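Contents: one structure, followed by commentary.
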Amino acid sequence: MSALRRKFGDDYQVVTTSSSGSGFHQQQASAHKKKRQRFVDKNGRCNVQHGNLGSETSRYLSDLFTTLVDLKWRWNLFIFILTYTVAWLFMASMWWVIAYMRGDLNKAHDEKYTPCVANVYNFPSAFLFFIETEATIGYGYRYITDKCPEGIILFLFQSILGSIVDAFLIGCMFIKMSQPKKRAETLMFSEHAAISMRDGKLTLMFRVGNLRNSHMVSAQIRCKLLKSRQTPEGEFLPLDQLELDVGFSTGADQLFLVSPLTICHVIDSKSPFYDLSQRSMQTEQFEIVVILEGIVETTGE
C-alpha cells in the first residue's frame with residue numbers, strides 16, 4: 001500500500017474505466033460532464049467517416065464485390081432485387097423483339113407456321129418463356145424451335161449472363177450472411193476495467209468470456225491505447241496508437257476461452273500509464289480498444 005500511496009497519493013482508490021464490446025473509455029470525472037465521443041462504439045463499429053475523397057471514390061467500383069458485401073442489408077436487398085428485375089425485363093424484351101421482327105406475333109395461331117418460340121404472341125408470354133428457361137422450370141408449352149438461329153444465339157447469351165449474375169449476387173449474399181460479426185454478440189466484456197494490485201504489481205484488468213459452447217480457435221487478444229500526443233519536434237498526432245502489453249512476451253495473449261478470463265496489463269516503466277496519477281487518469285482523454293481475434297469453430301470464419 002505504501003508503494004501505491006507514493007504512486008497515486010494518499011487519496012488512492014481503485015480506478016475503474018467503463019468498457020463494453022471492443023473498446024473502453026476512462027470513467028467520467030463528473031456525472032454531469034458531457035459524454036465524450038468514442039473512437040470505437042460498444043458494438044465494435046469505428047466512428048470514422050472518409051471525406052474529401054474526390055476521384056478516389058472510383059476505387060470502390062474497382063472492387064465492386066467487396067463494396068457490395070460492405071453495404072448495409074437494405075442496400076444489398078435493393079441491388080439484388082433491382083439487378084434481377086432489370087436483367088429479366090431486358091432478356092424478355094429481347095425475346096419479344098425477335099418474335100416481333102420475325103412476324104411471329106401475327107402468326108401465333110397459324111398451325112402451319114413455325115415460329116422462333118412456340119406460343120409466344122405478346123410480351124407477357126415472352127417474359128414467361130424467359131422465366132421458364134432461366135429458372136429451368138420447363139413447363140413444355142413454350143419452347144424454342146430449330147428454325148431460329150438468332151434465338152439459339154440469344155439462348156446461349158442468356159445462359160451465360162444468368163450464370164454470371166447468379167454467381168455474383170448469390171455469392172455476395174452468401175458471404176454477407178456468413179460473416180462472423182454476429183458471433184461477437186456472444187463474446188462478453190466486463191462492464192468496467194479496474195486498476196488494482198495483483199501478484200504485487202499494479203495492474204489494469206478486465207474480463208472477457210464466451211457465452212457459446214463452440215470454442216474460439218487460436219483466440220488472441222490485443223490492446224491499443226488511442227491518445228493524442230505531441231512529439232518533441234512539435235508534430236501533433238491526434239490519434240496516436242500505442243500497444244498495451246497484455247502478455248505478448250509470455251504468451252498470455254493466446255487465449256483458451258472456455259471460461260471467463262481476466263486480461264491483465266502490468267503498469268510498469270514501459271506502460272503508457274506509468275506517469276499518470278489517479279486524478280490525471282480521470283481527466284486525461286484516451287481510449288483503450290481491445291481486439292479479440294479468433295476462428296469460429298463451427299464455420300471456420
Problem set entry | Failed condition for Phe78, given (1) within 21 Å of the chain's Cα centre (by Cα); (2) over 30 Å from Met188 (Cβ atoms); (3) modelled with pLDDT under 50 | (3)
For this session: Return the total of residues in segment 190-218 being surrounded by 13 or more Cβ atoms within 10 Å (Cβ to Cβ) and farther than 15 Å from Pro180 by Cα.
Result: 15
For this session: Output the residues belonging to segment 255-298 that are within 21 Å of Asp199 (Cβ to Cβ), polar (S, T, N, Q) and in contact with a Lys or Arg (Cβ under 8 Å, 6 or more places away or on another chain).
Result: Thr262
For this session: Determine, yes or no, whether Arg74 is of a type in the set (Lys, Arg), touching a Lys or Arg at 6+ places or on another chain (Cβ under 9 Å) and under 30 Å from Asp41 (Cα atoms).
Result: no
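Here is a yes/no grid of residues against (1) touching a residue at least 40 places away in the same chain (Cβ under 8 Å); (2) aliphatic (A, V, I, L, M):
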position	(1), (2)
His192	yes, no
Ile195	yes, yes
Ala219	yes, yes
Glu235	no, no
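If you go through segment 264-301 one residue at a time, how many are touching a Cys at 6+ places or on another chain (Cβ under 8 Å) and surrounded by 15 or more Cβ atoms within 10 Å (Cβ to Cβ)?
In the first step, residues of segment 264-301 are kept if they are touching a Cys at 6+ places or on another chain (Cβ under 8 Å); the result is 265, 288-291.
From what's left, surrounded by 15 or more Cβ atoms within 10 Å (Cβ to Cβ): 265, 288-290.
Number of matching residues: 4.
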Problem set entry | Residue satisfying condition, being among the aliphatic types (A, V, I, L, M) and free of Cβ contacts under 8 Å to residues at least 24 places away in the same chain, within set Leu244, Leu276, Leu257 | Leu276
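The values are calculated or read from the model by the stated rules, or taken from the named source; none is laboratory data. Note that the structure is a prediction, hence the values are computed from the model and not measured. Note: ideal-geometry Cβ built from the backbone for every residue, glycine included; neighbour counts use all protein chains shown.
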